[in-house]
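Asks: Before I ask anything, here is the structure I am working with.
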Amino acid sequence: MSTSPDPEAVVPQPLDGSGDAADAAGTRADYSAEQPVNLREQKLRPITTDAGTPQMRLRSGSRPPTGASQIRDTYKVGVDNLTAPGLSAAERETLREEQLRRLLSTAPGVETDPASWGWRGKANAVGGRFKPRRDEVDFRMAIESIRQPLPGTPVIAVVGPKGGVGRTPTTLMLSALFGRHRGHGVVAWDNSETRGTLAARAATAPKALRTTWDVLAHAEALCSATVVASALGRFLIAQPTGDEVLASDQSSKRREMIGAEECAAILAVLRRHRTMIIVDTPANDRSAAFVWSIEHATQLVIPLTYRRDAAHMLLRTLDGLAARGHTALVRDAVVVLAEGTGDPAARQAVHAALARAEITRITSVPYDHDLASGERIVLSRLSEPTVRAWTRVAAVVADGIAEALTSTDAPLQTPWVPQSRTTPTEYDVRSQPRPPLRAAQARPRAPRLDQGDADDYRRRGSQAAG
């Protein structure tokens with residue numbers, strides 16, 4: 001199956017929404033006032049449809065992803081399902097309110113609930129009331145970050161250009177932790193072109209493995225208006241932490257590979273039924289599946305070991321992504337460094353390289369044999385330090401998604417321009433002259449007496465005194 005769209009079927013649309021010469025002439029004939037244009041934001045204008053309505057809004061420094069007009073609806077999921085809807089004003093306001101609340105105060109009980117770790121937790125189990133230590137409070141705050149509202153269907157792309165850096169374990173750990181703390185709706189998607197290992201490393205294995213090709217075979221029915229809510233579950237692998245896994249093609253007899261059209265159809269199905277997607281991307285950064293995953297990613301997560309060759313290949317890949325217009329996505333990426341995987345000189349070289357690449361969201365996790373052994377990853381069997389460290393990584397990823405969603409749908413232009421007005425004059429009662437009293441407020445004066453009336457007034461007063 002072809003992985004690239006038919007050039008003859010693609011009709012490029014002008015980004016400025018202009019029509020043909022006749023329409024332009026008619027517009028100039030009815031011209032009355034010119035709309036204000038911000039020239040500094042012209043490169044950030046959203047993609048427009050035939051009617052001139054925007055399809056999506058972008059962050060500064062990002063590139064418009066492949067739109068529905070450029071991907072053929074081969075699997076009959078519906079053209080409207082190929083394009084992700086933008087966030088509503090209410091959803092953006094909810095995100096901003098939650099970010100403001102978390103800046104002003106912590107969630108109830110995070111700092112006041114009794115401790116459950118260490119000797120404090122043991123003492124509280126028998127009736128004590130000891131407060132938690134700072135590390136336990138930080139862990140609780142990380143869980144609150146994971147649980148924050150993330151509207152829409154954010155896509156987390158886990159990128160690793162070299163095998164053995166931990167791309168698949170990172171995908172499964174993030175999926176398990178988001179599933180444990182957010183509930184149903186999280187899917188780990190193995191987007192390898194063929195024979196990925198995500199299903200082989202998942203905690204549970206199904207009796208009959210369904211893959212991405214099975215989803216594509218039923219894509220039209222899964223996106224129909226009459227589909228039941230549980231229809232997609234038969235194609236996914238349920239995990240004990242509440243998340244699910246979508247396996248990649250495991251056949252060695254097929255010639256077709258997953259391309260852009262297949263990725264678009266799968267995302268349309270997953271977005272219809274689930275609320276968060278974590279993509280295990282291919283190692284080949286030139287494949288159509290990798291390019292498509294990056295173009296539709298909300299957050300980038302990069303696992304990395306302290307090896308010079310791995311860091312070298314990663315920086316090459318990030319440089320290529322930035323050259324293709326994904327500067328903001330690369331700058332806001334979350335790097336997960338595995339401790340204990342290199343000597344001090346290699347550690348210093350890797351940190352210096354990340355600093356030169358202006359990547360600041362760097363997290364560390366301890367080396368865990370269960371994650372590196374190649375066996376199935378069961379969250380309940382991992383050590384507490386490993387789970388706590390990965391919980392903090394998931395919290396950083398959740399915060400990055402919230403920032404990306406808030407900035408992605410921020411309006412880039414507005415037709416309304418405020419009018420200038422004069423500065424109001426200041427009034428100070430102490431510096432103003434006293435206003436004259438009105439006639440109704442004037443104090444009445446006593447009538448003036450003439451000389452005769454005055455003598456008569458004094459005579460009456462003397463008689464009254466005698």
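Asks: How far is it, in nm, from the label point at HIS184 to the one at ARG324 when both lie 7 Å from their Cα along the line to the Cβ?
Replies: Label at HIS184, label at ARG324, 3.6 nm between them.
Asks: Here's a follow-up. In whole Å, largest first, what are the principal axis extents of the Cα atoms in region 219-339?
Replies: Dimensions of region 219-339 along the principal axes of its Cα atoms: 50, 33, 33 Å.
Asks: Can you send over the carbon and sulfur percentage of the accessible area for region 351-405, probe radius 1.4 Å, protein chains only?
Replies: Carbon and sulfur together cover 49 percent of it.
Asks: Within 11 Å, Cβ to Cβ, of THR171, how many net charges do the neighbouring residues add up to if Lys/Arg are +1 and Asp/Glu are -1?
Replies: -1
Asks: Further question: Between TRP119 and SER251, what is the label-point separation in nm under the 7 Å Cα-to-beta-carbon projection?
Replies: 6.3 nm
Asks: If packing is taken as the mean number of other Cβ atoms within 10 Å per residue, what is the order of 262-272, 123-133, highest first?
Replies: Put in order of decreasing packing, that is 262-272, 123-133.
Asks: Also, quick follow-up: Can you sort ASP280, ASP80 by 1.4 Å-probe accessible area, starting with the largest?
Replies: Ranked list, largest accessible area first: ASP80, ASP280.
Asks: Full-extension gain between ARG286 and SER364, please, as 0.36 nm times their residue separation minus the C-alpha to C-alpha distance.
Replies: 25.2 nm
Asks: Would you please state which residues of region 270-289 a label at ARG316 would reach in this model, taking the label point 7 Å out along Cα→Cβ and a backbone N cut-off of under 13 Å?
Replies: The answer is 284-286.
Asks: Please report the relative contact order for region 219-357, taking Cα pairs under 8 Å with a sequence separation of at least 6, and give it as a percent rounded to a whole number.
Replies: 20 percent
Asks: A follow-up question, please. Could you give the alpha-carbon Rg of region 213-253 over 2.2 N^0.38 Å, rounded to two decimals?
Replies: 1.33
Asks: Rounded to whole Hz and in sequence order, give me ³J(HN,Hα) for region 319-333 from the Karplus expression 6.51 cos²θ - 1.76 cosθ + 1.60, θ = phi - 60°, writing x for Gly and Pro.
Replies: 5, x, 5, 5, 5, 8, x, 9, 5, 5, 5, 5, 5, 9, 5
Asks: What is the dipole size for region 212-368, taken about its Cα centre, with +1 at each Lys and Arg Cβ and -1 at each Asp and Glu Cβ, in debye to the nearest 20?
Replies: Once rounded to the nearest 20, the dipole reads 200 debye.
Asks: Here is a follow-up. Which whole-Hz ³J(HN,Hα) couplings does region 77-87 yield from phi under the Karplus relation 6.51 cos²θ - 1.76 cosθ + 1.60, θ = phi - 60°, glycine and proline marked x?
Replies: Each residue's phi maps through the Karplus curve to give 8, x, 4, 5, 7, 7, 10, 6, x, x, 6 Hz.
Asks: Then there's this: I'd like the Karplus ³J(HN,Hα) series for region 232-243: coefficients 6.51, -1.76, 1.60, θ = phi - 60°, whole numbers in Hz, and an x wherever there's a Gly or Pro.
Replies: So the J values, rounded to whole Hz, are 6, x, 6, 9, 10, 9, 6, 10, x, 8, x, 8.
Asks: Using Cα pairs under 8 angstrom and six or more residues apart, how large is the relative contact order of region 77-187, in percent?
Replies: Normalised by residue count, the contact order of region 77-187 is 21 percent.
Asks: Want the number for SER105 to ARG381: 0.36 nm per residue separation, take away the alpha-carbon distance, what's left?
Replies: 96.0 nm
The values are calculated or read from the model by the stated rules, or taken from the named source; none is laboratory data. Please read all numbers here as calculations on a predicted model, not as lab measurements. Please note: Cβ atoms are built from the backbone with ideal geometry, for glycine as well, and neighbour counts cover all protein chains shown. Ligands, DNA and RNA are stripped out before the accessible areas are found, and what is left, the full protein with its side chains, is counted by its heavy atoms. Shrake-Rupley method; radii C 1.70, N 1.55, O 1.52, S 1.80 Å.
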